[in-house]
Amino acid sequence: MSSHPSTASAPQPPGRIRVLVADDHVTVLEGLAAIISRQADMEVVAQAADGLEAVQLWDKHRPDVVLLDLRMPKVDGVEAIAQLRDRDAQVRAIVLTTFDTDVDIANAIKAGAKGYLLKDAPRDELLNCIRRVHAGDTCIPASLVAKLASGLSSDGLTARELEVLTLLARGRSNKEIGARLSISETTVKAHLRGIFAKLNVISRTEAIAVASRRGLVHL
């Protein structure tokens, strides 16, 4: 007889929140599972080491809440949420990550995340977020909402401007950027003026810093 308890037949205490946790760092994964499992109204039904496994385990266990990292191998958090939403439009997913750029937050919310927390959030805030999302609420701290609003209120960069900005962040000169994109230095300077205006900056260094903070480029 197997020593593993059957999750399908074991009676569940009324109101207990069944949670799936996904993170590619084993110490974080085990730590989160331990914290959640100590709560009288929660239990961890599965642990995943990447986004693909998270989706597979969701299919098997159908948890009430999914708590997942943003950057994971095979399938990242945003794509995992999108795949889960394809299976169940009412899926309750919370992103727990170290990344707080407006682009990261926006992508997660567009994918269907109901909560977004940073990994340095207090333990009680995390547990409260799980309870709120399970109850049907959204859970995004005011500081992240403000960052998201700030990012969305700025004019979006064009595809060409993003190309110029990416090369700028890699330390390329105007001449090198022009050669790489087959455009003149004059055109490069015109794109830089547009980038500076949209990012509300006055220097190349400041443009790179703001773009990195917003997740537009990855240094």
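Toward the positive end of the charge dipole of segment 91-147, about the Cα centre and with charges on Cβ (Lys, Arg +1; Asp, Glu -1), which of His134, Ala146, Ala108 goes farthest?
Comparing the listed Cα positions along the dipole, His134 ranks first.
Would you list the membrane-span-like helices of the chain, meaning whole DSSP H runs whose alpha-carbon atoms span at least 18 Å along their axis and whose mean Kyte-Doolittle value is at least 0.5?
Sorted by number, there is nothing, because no helix extends far enough and scores high enough.
May I ask you to derive the relative contact order of the chain, considering only C-alpha pairs under 8 Å and at least 6 residues apart, and to give it as an integer percent?
Rounded, it is 14 percent for the chain.
If I model a spin label as a point 7 Å beyond the Cα along the Cα-Cβ vector, how far apart are those points for His25 and Ala49 in nm?
1.7 nm
Once the other residues with Cβ under 11 Å from the Cβ of Lys114 are scored (Lys, Arg +1; Asp, Glu -1), what is the net sum?
+2
If you count, for each residue, the other Cβ atoms within 10 Å and average over each peptide, how do 73-86, 120-133 line up from highest to lowest?
Ranked by mean Cβ neighbours within 10 Å, highest first: 73-86, 120-133.
Let me have the 222 nm mean residue ellipticity of the chain computed from DSSP H runs of 4+ only, each contributing -39500 (n - 2.57), with the sum over all residues rounded to the nearest 500.
Taken over the chain, the calculation gives -15500 deg cm²/dmol.
Test of understanding: extend the Cα→C-beta vector of Asp41 to 7 Å, then name every residue of segment 78-118 with backbone N under 19 Å from that spot.
Of the residues in segment 78-118, 92-94, 114-116 have backbone N under 19 Å from the label point off Asp41.
If you take the beta carbon distance between Arg87 and Asp137 as r and set R0 to 30 Å, what does 1/(1 + (r/R0)^6) give as a FRET efficiency, to the nearest 0.05?
So, using R0 = 30 Å, E works out to roughly 0.90.
Roughly how big is the chain's charge dipole about its Cα centre, with Cβ charges of +1 (Lys, Arg) and -1 (Asp, Glu), in debye to the nearest 20?
In debye, rounded to 20, the chain gives about 540.
Would you grab the residues whose amide H sits under 5 Å from the one on Leu117? Only those 5+ places off in sequence or on another chain, please, with H modelled 1.01 Å from N.
Correct list: Val95, Leu96, Thr97.
Give me the extension gain from Ala190 to Arg213: residue separation times 0.36 nm, minus the current Cα-Cα distance, reported in nm with one decimal.
6.0 nm
Give me the Å³ per residue figure for the convex hull around the C-alpha atoms of segment 17-151.
90 Å³
Based on other C-beta atoms within 10 Å, arrange Met42, Met72 from fewest to most.
By the 10 Å Cβ count, ascending: Met42, Met72.
Only the coordinates and a few stated rules stand behind these numbers; no lab work does. Just so it is clear, the model here is predicted, and its values are computed rather than measured. Heads up, the Cβs are rebuilt from the backbone with ideal geometry, glycines too, and the neighbour counts pull from every protein chain shown.
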